[in-house]
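**Student:** Let me begin by handing over the structure; questions about it come next.
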Amino acid sequence: MLGDILAWLADHPGAFETAASRHLALSITALIAAMALALPLALVLVRWHHAAGSVIAAVNVLRTIPSLALLAAILPLLGTGFLPSVIALTLYGLPAILINTHTALREVDPDVVEAGLGQGMTPRQVMRRIRIPLGLPVIFAGIRTAAVQIVSAATLAAFIGGGGLGELITAGMGTLNIAELVLGGLAVAALAMATELFFAGLEWSVRRSTGLAA
Amino acid sequence: MSWAIENYDLLAVALGEHIVLVATALVLSLVIAFPLGIWTARRPALYVATMTVTGVLYTIPALALFALLLPFMGLGKAPAITALVLYSLLILVRNIAIGIREVPAELIEAADGMGYGKSRRLVRIELPLALPVIVAGIRITVVTQIAVATVAAYINAGGLGDIIFQGITQDFGAKIAAGAVLTSLLAIAADESLKLVERRLRAATSERL
């Protein structure tokens with residue numbers, strides 16, 4: 001099997017690099033987009049808690065939708081390719097970041113918040129100096145969850161023409177090339193694990209720097 | 001919408017296949033996870049080892065796991081159910097072990113004082129009190145399995161994913177929509193109903209305490 005895989009790599013120079021870099025491009029773009037949308041939205045929801053209930057409920061529903069269903073549903077609306085895949089992946093990763101950030105900011109120790117207000121801080125200063133620093137570990141845990149979810153779901157982008165390492169699997173399936181198929185599987189598994197470890201390491205250093213190491 | 005109504009029998013069959021896949025996998029997962037969870041609940045070293053192995057399996061994305069199982073198990077329902085079971089082990093074993101561990105020590109002591117043997121204590125006290133946490137784990141597992149089973153259609157396991165894939169290859173939006181919506185509804189329905197069960201159990205066990 002290993003020999004077959006190496007032979008395939010030799011016969012198809014660049015194919016693996018293309019798929020891998022596309023996979024990373026999809027994932028990184030989607031993660032950044034999800035953060036850009038979810039983080040400000042969470043801040044807004046902490047301030048306007050009347051809206052928060054229904055938005056969080058809607059986002060919880062979004063979180064339950066299976067990744068393939070979400071990706072496939074984009075197809076009739078936006079077609080195939082890179083951008084529709086990124087949009088679907090962004091929607092897929094958004095709930096984890098939004099819910100974690102909102103919970104983290106809202107459930108900061110109320111005594112600390114009261115102390116801040118007592119010192120004359122405005123709500124915005126409370127947010128900046130108290131809520132965000134104390135909430136950082138949980139916020140980062142949300143980002144980590146979203147990152148792993150997005151990298152995993154990006155495998156399925158192959159089905160809507162988004163490319164990525166999933167394409168090695170689908171191509172291998174289509175041509176019954178077991179070597180390509182298994183290579184795709186191994187590559188995706190390795191990438192998912194690497195992402196998990198990378199973000200676990202980042203989360204650990206975030207916790208250490210905010211003095212809340214578990 | 002009209003396509004969905006005209007072909008409701010097709011959708012019904014797919015839905016049935018999907019539910020059977022998930023139900024079979026769930027039963028098998030519980031059969032494996034319960035002994036593992038009980039065994040590792042109060043054995044930290046074994047617990048960590050089990051969590052590591054099942055954690056690695058959980059990190060592998062669905063399609064990749066199918067690809068890796070293909071040389072050994074081929075296509076069809078067998079590899080699909082195998083992957084579904086492997087995925088669910090992390091969460092189920094973890095929740096079962098944690099649920100048992102969190103039974104208050106005073107209750108364990110009281111039971112021992114009353115002459116309960118280990119197995120009777122497990123069945124009569126530890127497991128019933130651990131039930132809310134276990135059901136929480138089952139809830140996450142079922143939602144995850146519904147999602148993975150959707151992808152399993154790609155390796156000929158049937159289910160609602162089949163409708164989605166057909167829609168993609170036939171460039172038929174109505175099929176994609178019908179498959180995607182039905183799968184989502186199934187996941188949401190399972191999540192909500194298990195949430196209710198979990199809530200009832202939490203209320204019941206806190207009353208008992």
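Where a number appears in this text, it was derived from the coordinates with a stated rule and is not lab data. Quick caveat: nothing in here was measured; it's all calculated off a predicted structure. Glycine also receives a Cβ, built like all others from the backbone with ideal geometry; neighbour counts cover every protein chain displayed.
**Student:** Show the residue pairs meeting these rules: Cβ distance below 7 Å; 6+ apart or different chains; first residue within segment A:50-63 and within 12 Å of another protein chain (Cβ to nearest Cβ); second residue of a type in the set (A, V, I, L, M, F, W, C).
**Tutor:** Short answer, once both residue conditions are applied: A:Val61/B:Ile188; A:Leu62/A:Leu91.
**Student:** Need at least 3 residues that are within 14 Å of chain A (Cβ to nearest Cβ) per element, so show me which helices (runs of 4 or more DSSP H) inside segment B:56-147 make the cut, counting only ones lying wholly within it. If you could, list the steps in order and put the result at the bottom.
**Tutor:** Numbers: elements: B:62-73, B:77-101, B:105-113, B:118-121.
Passing ranges, in order: B:62-73, B:77-101.
**Student:** Being touching a residue at least 12 places away in the same chain (Cβ under 8 Å) and either touching a Ser or Thr at 6+ places or on another chain (Cβ under 7 Å) or surrounded by fewer than 20 Cβ atoms within 10 Å (Cβ to Cβ) (or both) is the filter here; which residues of segment A:26-38 pass it?
**Tutor:** Applying the first criterion (touching a residue at least 12 places away in the same chain (Cβ under 8 Å)) to segment A:26-38 yields A:26-27, A:29-31, A:33-35, A:37-38.
Within segment A:26-38, A:Leu26, A:Thr29, A:Ala30, A:Ala33, A:Ala34, A:Leu37, A:Ala38 meet the criteria.
**Student:** In segment A:175-214, what residues are of a type in the set (Val, Ile, Thr) and either at the interface with chain B (Cβ under 9 Å from one of its Cβ atoms) or crowded, with 17+ Cβ neighbours inside 10 Å (or both)? Don't jump to the end; show me each part of the working.
**Tutor:** Pass one, segment A:175-214, residues of a type in the set (Val, Ile, Thr): A:175, A:178, A:182, A:188, A:195, A:206, A:210.
The answer is A:Ile178, A:Val182, A:Val188, A:Thr195, A:Val206.
Okay, residues lined up against (1) touching a residue at least 60 places away in the same chain (Cβ under 8 Å); (2) closer than 22 Å to A:Arg208 by Cβ; (3) crowded, with 22+ Cβ neighbours inside 10 Å; (4) among the acidic types (Asp, Glu):
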| site | (1), (2), (3), (4) |
| --- | --- |
| A:Val108 | no, yes, no, no |
| A:Leu117 | no, no, no, no |
| A:Thr122 | no, no, no, no |
| A:Gly135 | no, yes, yes, no |
| A:Gly166 | yes, no, yes, no |
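**Student:** Hey, another quick one. Which of the residues that make up segment A:65-90 are within 14 Å of another protein chain (Cβ to nearest Cβ) and surrounded by fewer than 20 Cβ atoms within 10 Å (Cβ to Cβ)? Walk me through how you get there before you give the answer.
**Tutor:** As a first pass, look at segment A:65-90 and keep what is within 14 Å of another protein chain (Cβ to nearest Cβ): A:65-81, A:84-85, A:88-89.
Listed by number, the residues that qualify are A:Pro76, A:Leu77, A:Leu78, A:Gly79, A:Thr80, A:Gly81, A:Pro84.
**Student:** Give the number of residues within segment B:150-183 that are facing chain A (nearest Cβ under 7 Å), buried (at least 24 other Cβ atoms within 10 Å of the Cβ) and aliphatic (A, V, I, L, M).
**Tutor:** So the answer is 4.
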